[in-house]
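Q: Attaching a single structure in structure tokens format; questions to follow.
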Amino acid sequence: MMATPSDRPSLNPSQKENESPPTGQRDQVSQPGGSGSSGDWRFMGKKVTELVAVSAFVLALIPNVFLIVGYFASPEIVVLSPTEIELRCEPDEDIGVDVYEWVCKDDAYLTVTVSTITVINQSKNDKDVLIREISGHFDMAGHEGDLRWKYFAHYTSVDTTESVASPKTVKAGTSFSEEVRLYPVFLPDTENPISNRLAFDEYLKKVTAELDKPMPVTVTINVSFLSDELPDVVVPCTSALPGILRKSYASRQKKMTSVTLPCREQTQWSS
């Protein structure tokens, strides 16, 4: 016997409010407050809180990825070529009586001062680099010789001081800039251990010959790092000793203890 509408059990108002809609209908709810909603925001069937959690995880992961990549990246180094070189005799002595005057000694030889060597460390994440050594190769009027750093020169308005050249650390985000004095390399295991030296007397003979012609001078600077990731960096300085300075050498001889020459081109090397 079929039940009539009057025979079916009736629901009180509180039971009707707690009754949940079918699953198919619940997934279609897009915001809380809708029919049968449990209070969860949804987007394309996914809880918005879950999507926010995933997005936050990804955003938090991105900086760490950059840190890991930066840790394994090579240092970013820029080396600027010098702007000028100074040719000077070493040793020299003060012979002044009434005035302050210097003169090259009889046993003096030629040295080269490079102004200025600059190394810029553009790395991040504590990628410090160590400058192991700065050396050079000198070529003028048929004489060639290897040079090696010996001093850093420091100038003030009243004085000039020197400090012993030694390896320098260039921290990330900083730079190294010094005037470097290069001296001929001594070769103890050769027939002529001082073959890299150019005696100042011999230098005077070269520069006072054919006074009207400029004399080419080339100093090639080599910067080496204590790192397998960085090669040795070579930056050249090409210049010339003009006729007017050569005439000054002819008249002043050993009293002309130094001369400064500009490098024709400024270049830079980047890692």
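Q: Under a 5 Å amide H to amide H cut-off, with H placed in plane at 1.01 Å, what residues pair with LYS127 once short-range neighbours are removed?
A: So LYS127 has HN proximity to ALA172.
Q: Where in the stretch 230-270 does the amide nitrogen come within less than 12 Å of the point 7 Å from the Cα of THR208, taken along Cα to Cβ?
A: Only 246-256 fall inside the zone, counting backbone N under 12 Å.
Q: If the chain between ASP232 and GLN266 were fully stretched, how many nm would it gain, using 0.36 nm times the residue separation less the Cα-Cα distance?
A: 10.4 nm
Q: Please list, ordered by chain and number, the residues whose modelled amide H lies under 5 Å from the amide H of GLY136; skip anything fewer than 5 residues away on the same chain.
A: LEU147, ARG148, ASN222
Q: If amide hydrogens are placed 1.01 Å from N in the peptide plane, which non-local residues have theirs closer than 5 Å to the one on ARG197?
A: Hits under the 5 Å cutoff: none.
Q: Here is the link list: LYS105/LYS168; LYS150/LYS213; LYS105/LYS206; LYS150/LYS247. Which ones come out longer than 25 Å on Cα distance?
A: From the list (LYS105/LYS168; LYS150/LYS213; LYS105/LYS206; LYS150/LYS247), the Cα-Cα distance tops 25 Å for LYS105/LYS168; LYS150/LYS213; LYS150/LYS247.
Q: Counting Lys +1, Arg +1, Asp -1, Glu -1, what net charge surrounds LEU130 among other residues with beta carbon under 11 Å of its beta carbon?
A: Here the count lands on +1.
Q: Using θ = phi - 60° and the Karplus curve 6.51 cos²θ - 1.76 cosθ + 1.60, what whole-Hz ³J(HN,Hα) does each residue of the stretch 112-125 get, with Gly and Pro shown as x?
A: Result, ordered by residue: 10, 10, 9, 10, 10, 8, 10, 10, 10, 9, 8, 6, 10, 6 Hz.
Q: Around LEU226, under 15 Å between beta carbons, what's the net of Lys plus Arg minus Asp minus Glu among the other residues?
A: So the surrounding residues net to -1.
Q: So what's the net charge close to LEU110: Lys and Arg +1, Asp and Glu -1, counting the other residues with Cβ under 15 Å from its Cβ?
A: 0
Only the coordinates and a few stated rules stand behind these numbers; no lab work does. Being a predicted model, the structure only gives us computed values, none of them experimental. Cβ sites come from the backbone with ideal geometry, for glycine too, and all protein chains shown count toward neighbours.
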